[in-house]
1. Just report the Cα centroid separation between region 246-300 and region 32-54, whole Å.
2. For region 144-236, which GluC sites (Glu not before Pro) are both in a DSSP coil and crowded by at most 13 other Cβ atoms within 10 Å?
3. Enumerate the helices in the chain for which the Kyte-Doolittle hydropathy averages -1.0 or more and the C-alpha atoms extend at least 18 Å along the helix's axis, using complete DSSP H runs.
4. Can you work out the Karplus-derived ³J(HN,Hα) for every residue in region 267-279? Use 6.51 cos²θ - 1.76 cosθ + 1.60 with θ = phi - 60°, whole Hz, and x for glycine or proline.
5. Taking region 100-281, how much of its Cα-Cα pair set, in percent, is spaced more than 28 angstrom apart?
6. Considering only 199, 22, 222, give the residue with the highest GNM mean-square fluctuation for the chain, with springs between Cα atoms whenever their separation is below 10 Å.
7. Students often forget the sequence filter, so: which aspartates and glutamates lie under 14 Å Cα-Cα from residue 314 once same-chain residues fewer than 8 apart are removed?
8. Cα-Cα pairs above 33 Å in the chain: how many percent?
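The values are calculated or read from the model by the stated rules, or taken from the named source; none is laboratory data. None of the values given here were measured: they were computed from a predicted structure. Neighbour counts run over all protein chains shown; Cβ positions are idealised from the backbone, glycine included. Areas reflect the complete protein model, heavy atoms only, side chains present, ligands, DNA and RNA absent. Shrake-Rupley method; radii C 1.70, N 1.55, O 1.52, S 1.80 Å.
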Amino acid sequence: MKKKVVVFSQLDRRILDKLQAQYHVVEINPKLGDVNQQILQEVKDADGMIGAGRLLNQDNLSSATKLKVISSISVGYDNYDINYLNEKKIWLCNTPHVLTETTADLAFTLLMSAARNVASLDSWTKSGQWARTVSSLQFGQDIFAKKLGIIGLGNIGAAIARRGFYGFNMDILYHNRHEKPEIAQSLNAQYCSLTELLQYSDFIVIAVDLNQESKALIGAEQFAQMQKHAVVVNIARGSVIDEKALIHALKTNQIFAAGLDVYEKEPLQESELFQLKNVVTLPHVGSATAETRLKMAELAYANLVAVLEGGIPKYIVNPS
Ligand code: NAP
């Protein structure tokens, strides 16, 4: 009998075809009603799952009897209840590295857009307000040779730092759970406390994973420590920032601007952020290019198949 795989988000057609050739594949379809009920029903006799962007925990996995692996098409794994997966002896796989450069590109896009008012100036130009030469109201911030503070010098944080150092001659400061001398040395990056980073950086980019310690890492107290011309970029997870405190900091010009790809609650449908000109909002598209999304799906497929065929996947979040 073929093994059963539950696909819990949209999957590239090419990967779906490969899966269907090997396994009994069931796709969760939001158009068919309550997604969690569908998962609970389908996971009962499933051997593997693949997908992204869904909270998976006891509520929708408790019926699983022989589930061996969940293969996430993402590097972040805050959507999954790792303790519960460990209890049920389910491996969680993820897709690091293949999305690093693409996500770093987007972080820099946000940094530059926020620093130079790209989104608001685009609307301003298109609405016919460019009547004469621009005034100081349209001025942005210089980027070249400024101080770039990276919070979380992991794979993506380091790729962002490389862009700043090699492309824009920036001084790199970083704060991380552990010092990273091997990365820091090549970029002349200086390790500092969170407070020092916030006080001295012109640009602050958040690239930590979401965990107990990084939740609400940046709140009112931290915004108060930043410079008035600071630009904050978040490509990590929305909950690393206290969004209310960020809105207050933007409204009161405590900081110059922000560039956001992620939010406390996604999708972001209603928010005070929409009323603010000094924030660039993107819909969680850090890794969203055709090439990178395919590479992520291929890697997730390889991880899944490795486990289902009795092997060891390349990337396991909870190996023990
Ligand atoms: P990574 O290599 O694991 O890097 C995460 C870094 O954050 C690590 O260096 C880690 O330090 C550090 N860190 C964690 N908690 C911290 C804390 N409380 N204070 C200081 N540093 C802390 O992961 P990555 O591949 O760079 O990805 C980072 C995150 O970006 C992902 O987890 C995901 O949430 C997010 N992401 C978003 C998108 C998007 O579409 N916007 C795309 C990809 C990834 P140690 O290693 O020293 O513990």
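1. That distance is 27 Å.
2. Taking region 144-236 and a limit of 13 other Cβ atoms within 10 Å, the loop GluC sites (Glu not before Pro) found are 179, 213.
3. 100-115, 290-308
4. Those phi angles translate into x, 7, 10, 9, 6, 4, 4, 5, 8, 9, 7, 8, 9 Hz.
5. The calculated P(r) of region 100-281 puts 20 percent of pairs beyond 28 Å.
6. 22
7. 298
8. Of all Cα-Cα pairs in the chain, 33 percent lie more than 33 Å apart.
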